[in-house]
Structures are given as structure tokens and as C-alpha cells.
Amino acid sequence: MITVYGIANCDSIRKTRQWLDAHDVPYDFHDYRKQGLDAALCDELLGALPLSTLINTRGTTWRGLPEQLRVSLEQSNAAALMQAWPAVIRRPLIRAPGGWLCSADPVALNSLLADA
């Protein structure tokens, strides 16, 4: 089973969900703004994907963080940041039997599903 993680009102999430629906791919959606993001999931993400892939440093949430948090971000404190400000996580995050993907690109989605 595929799980899409993100925020419901995100354009990338909408596009990804529309693509999955159009290709009859069953999935669960986890809105981490509403359902939360636990430490175990954060640790799994940080183990599977580079920090530079997970954190959206171009978004308004990142720019709104205190300077001290932004300059001190590293692997050891990233989980706490992700839990406190889930909108700072790049979207969509997709967990499939073939691994993790952080992309709404149809080619990447096809590749992930082929590996499943």
C-alpha cells in the first residue's frame, strides 16, 4: 500500500493525488498538519532521505523560522523541527513498498510504483 504524506491544501499534494486517482493506484493520505507527525516517522524519513531533500528551504514556513533555528539545522535536531513545523517538510512524501519518494514528478512516481 502507498501512503502519501503532506498537507491537504498543498498544490503538489493535489496533483499527486489526482495522478494516483487517474492511474487507479490505491493509497492512504496522511495529513501531518491534522494527524501529526510522530518521532518514529521523522526518524524513518531522516534515515531514508537526505535532509536537503526533506526540508523545503524555499518556502514561507522556512523563511518565517527564527534565524537561530535555520542556521543550526542538522540531522540531530531535524526531527524536532519537522514535528514543530510540519509545513517545512517538502511535499509530497510518498512511502511505497519500493521505498520513499519526495516528488510529484509522474516519471518518478511510475518508477517508484514499478519497483513496488
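Readers should treat all values here as calculations from the given coordinates under stated rules, not as data from a laboratory. Given the structure is predicted, the values throughout are model-derived calculations rather than measurements. Virtual Cβ from ideal backbone geometry, glycine too; neighbours counted across all protein chains shown.
Just a few scattered comments:
- In the set (1) closer than 20 Å to M1 by Cβ; (2) under 13 Å from the mean Cα position of the chain (by Cα), L46 fails one condition alone, (1).
- The one condition from (1) surrounded by fewer than 17 Cβ atoms within 10 Å (Cβ to Cβ); (2) touching a residue at least 60 places away in the same chain (Cβ under 8 Å) that G47 does not meet is (2).
- All helices (runs of 4 or more DSSP H) inside the stretch 53-116 with 1 or more residues being more than 16 Å from the chain's Cα centre (by Cα) and hydrophobic (A, V, I, L, M, F, W, C): 67-71, 106-115
- Residues that are surrounded by 17 or more Cβ atoms within 10 Å (Cβ to Cβ) and of a type in the set (G, A, S), drawn from the stretch 60-109: A78, A79, A87, A96, S103, A104
- Any hit, the stretch 17-28, residues being part of a helix (DSSP H, G or I) and among the basic types (K, R): yes
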